[in-house]
Structure formats: structure tokens, C-alpha cells
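The values are calculated or read from the model by the stated rules, or taken from the named source; none is laboratory data. This is a predicted model, so every value here is computed, not measured. Note that each Cβ is placed from the backbone with ideal geometry, even for glycine, and that neighbours are counted across all protein chains shown. Areas reflect the complete protein model, heavy atoms only, side chains present, ligands, DNA and RNA absent. Shrake-Rupley method; radii C 1.70, N 1.55, O 1.52, S 1.80 Å.
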Amino acid sequence: MWATLLQGEIYRSRMINKRKDGSFYEEEANIAPIRNAAGKITNFISVKTNITPLLDVQRALEASNVELSRSNSELQQFAYVASHDLQEPLRSVSSCLQLLKKRCAGNLDARADEFIAHAVAGSHRMRDLIDDLLMLSRVDAATVNLVPTDSAAVLEQVRANLAHSIEESGARLIHEGLPIVNASPRMLVQLFQNLVSNAIKFRGDSAPVVQVTAKSYGGQWIFSVTDQGIGIEPQHFDRIFRLFQRLHTRDEYAGTGIGLAICQKIVERHGGRIWVESSSGHGSTFFFTIPAIPSSENTPIP
Ligand code: ADP
């Protein structure tokens, strides 16, 4: 203590004291040296603070943090197990329905054919929901192995994966100036795939043009995926990233309302953020950030 004070520095210490009633409290003492006009230390000033209430709050916060991450990982586990285990019974329901449709269609009355068609459509919808939920919980639970990843190559992979809908819609997918970033290649494919497939799905009357670019800003890469589709009203900008939030009925546009929640999770797991800018009828641009890597490490894994 004296060495610190005589060097002119503040000495800090914590101690546990006992009250007259036998209870304990924690105290923090700050002792500072005071110099005279000639700069010589002549006195000391000491301030003591009872920090017990502060520590109580801090400990309660730490305990609730532990509890929160425990229940969070239990929930993740539950979502994963539930969606994974639901796949199997659904598969057998679907294949029985397919058989029923194949063997009995036309042999029963028109109502029965209609019921079978509804049941088949319902089982397809459930399959899509379970697949997307499983994807979401995988993104949640997986350890993210960040490796230098060429985002232009990722876009080419997305082009191959979406070949069918690109051809069917006559879409043009353009990208330029895409960098190498530290990312999970698989998650980056999923992220771009969800954004590009939405850009194609929510197209206007003309063939969709989807443009993907990136610019460097303040140690981050800001990616953008732009379309000229139906657009989104500003009051829905936040809501669409939440689970199951859709702005249209299934009859208008197919979907589960999970795609953008997956995108958000992927971006957050890479230390970035995602948002949209749009106006109804004038297309949308989805932006997301990924921290840039120092240029010396800028070599892609072959
Ligand atoms: P899904 O596509 O399965 O409906 P998403 O989570 O991917 O679910 O998207 C949520 C909602 O956000 C969509 O239903 C749609 O209303 C809106 N949306 C997403 N992308 C676009 C886009 N490019 N243009 C217009 N609306 C979009």
C-alpha cells in the first residue's frame, strides 16, 4: 500500500467487514495521496464505499445469465430433437399418402380425391417447415468454423443450387467486387441462397434481376442483395426477420417464414448485422455486414 501511495498513485482495496449485528458487508477503500504546493506528499484522503448492494446485483445478474444460457441451450436441443425426430414419422405419412393417391385417385368419389390432395399438400408443407426449423436449430447449435471464404465462389454455388428457379423465372444473377471473408462457407451459401431465392420469389411482373455487391467500410464488408421485386412497406422492416412472420398468404407466395430468421442467425453468428431497405413496388435491398479480415490473411482455402 505505502509503495503505491508514495509513488503518488491511488491505492484501492476491498475488505469484508462485520456489523455489530453479526452480518457482513463488503467495502471498497480508495486512498489517494495529497501533495503540497512544492509537490511533496503531506496527507492522504480515504473514501470508503459499501459495495455490498452493487455486488449483490452483480451476482444476481451472473446467476440469471447462467440460468438463461442453460435454458437457451435446452431450448436449442429441444428444437433440434423435435424437428429431427418429426422427420421420420412424417416421411411414412407422406409416402402412404403418395401411395393412396397413386392407387386410389379416380377410383373414389371426387370429394375423396380432394381430401387426398389436401393431405398430400399438407404433408409437403409440414416437410418444408420441419426442414427449415432443423436448419435454424443447426445454425444455432453448430460451432462456426471461420475460414477465408471467397464470396464470389459462394455466389456461383448458389447459382448452381438455384438453377431450376433461375431458369424457370428467367432471372439474372449478377455479382461484382465480392471479397474474401472469414466465414463458414456452408452458412454463407445458405445466407445468400435464402436472400437470392426470396429476390426471385417476390419478383414483379418482369424477369427478376438480382444484383449482389459488397463495399468495405470501417473494418467491415457491407454486402447487398438488390432486386426490383414487389418491395416491402417500411413498417414491416423489423418484423420480417422474426420467425414465421410473412406478409402474404401461402396461396400468393409459398414459404415458411423461417428463411430470414435463418439469415439473421447466420449473420449474427459471424459477428455482423442484417437489415433491409425497400419501398413497396420498387424492389428491396437486403444488407448484411461481415467483419473484414486483415489483408495479410487474405488467402482463400483451396
Ligand atoms: P418466406 O420467404 O418463407 O415467406 P422469409 O423469412 O424468407 O420467409 O421472409 C419473410 C417475409 O419477408 C416474406 O414472406 C416476404 O413477405 C418478405 N420478403 C422477404 N424477402 C423479400 C423480398 N426480396 N421482396 C419482398 N418481400 C420479401
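Could you sort 232-243, 176-187, 31-42, 269-280 so that the peptide with the highest average Cβ count within 10 Å comes first and the rest follow in order?
Details: 232-243: 14.1, 176-187: 19.0, 31-42: 10.8, 269-280: 16.4.
Ranked by mean Cβ neighbours within 10 Å, highest first: 176-187, 269-280, 232-243, 31-42.
Can you give the helix-only mean residue ellipticity at 222 nm for the chain, where every DSSP H stretch with n ≥ 4 adds -39500 (n - 2.57) and the sum goes over all residues, rounded to the nearest 500 deg cm²/dmol? Walk me through the intermediate numbers first.
Details: 7 runs with 136 residues, N = 302.
Value at 222 nm, helices only: -15500 deg cm²/dmol.
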Self-check item: Per-residue ³J(HN,Hα) for segment 49-55, Karplus 6.51 cos²θ - 1.76 cosθ + 1.60, θ = phi - 60°, Hz, x for Gly and Pro
Solution: 10, 7, 9, 4, x, 5, 5
Self-check item: Percent carbon-and-sulfur accessible area, the chain, ignoring ligands, DNA and RNA, probe 1.4 Å
Solution: 55 percent
Exercise. Give a residue-ordered list of calculated ³J(HN,Hα) values for segment 205-211 (Karplus: 6.51 cos²θ - 1.76 cosθ + 1.60, θ = phi - 60°; whole Hz; x for Gly, Pro).
Key: 7, 8, 4, x, 10, 10, 10
Quiz item: Given a Förster distance of 22 angstrom, what is the FRET efficiency for Ala121 paired with Ala207, based on the Cβ-Cβ distance and rounded to 0.05?
Solution: 0.20
Quiz item: Can you give the relative contact order of segment 15-111 as a percent, counting alpha carbon pairs under 8 Å and 6+ residues apart?
Solution: 15 percent
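Given R₀ = 25 Å, FRET efficiency for Ile174-Ser279 by Cβ-Cβ distance, to 0.05? Before the final figure, lay out the partial values.
On the way: r = 22 Å, r/R0 = 0.86.
The value I calculate is 0.70.
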Quiz item: How large is ³J(HN,Hα) for each residue in segment 82-90, as worked out from phi by the Karplus curve 6.51 cos²θ - 1.76 cosθ + 1.60 (θ = phi - 60°), to whole Hz, x for Gly and Pro?
Solution: 4, 5, 5, 6, 6, 4, 5, x, 5
Quiz item: In whole Å, what is the distance between the alpha-carbon centres of segment 206-267 and segment 64-110?
Solution: 26 Å
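Can you give the accessible area per residue of the chain, in Å², using a 1.4 Å probe? Show your work: numbers first, answer last.
On the way: 18630 Å² over 302 residues.
Roughly 62 Å² per residue, with all protein chains present.
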Quiz item: Once amide H atoms are built 1.01 Å from N in the peptide plane, which residues 5 or more positions from Ile180, or in another chain, come under 5 Å H to H?
Solution: Ser151
Quiz prompt | Residues of type lysines that Lys40 reaches as a straight line, Cα spacing below 27 Å, ignoring anything fewer than 8 places off in the same chain | solution = Lys48
Quiz item: Residue farthest toward the positive end of the dipole of the chain, with Cβ of Lys/Arg at +1 and Asp/Glu at -1: which of Ala142, His84, Pro33?
Solution: Pro33
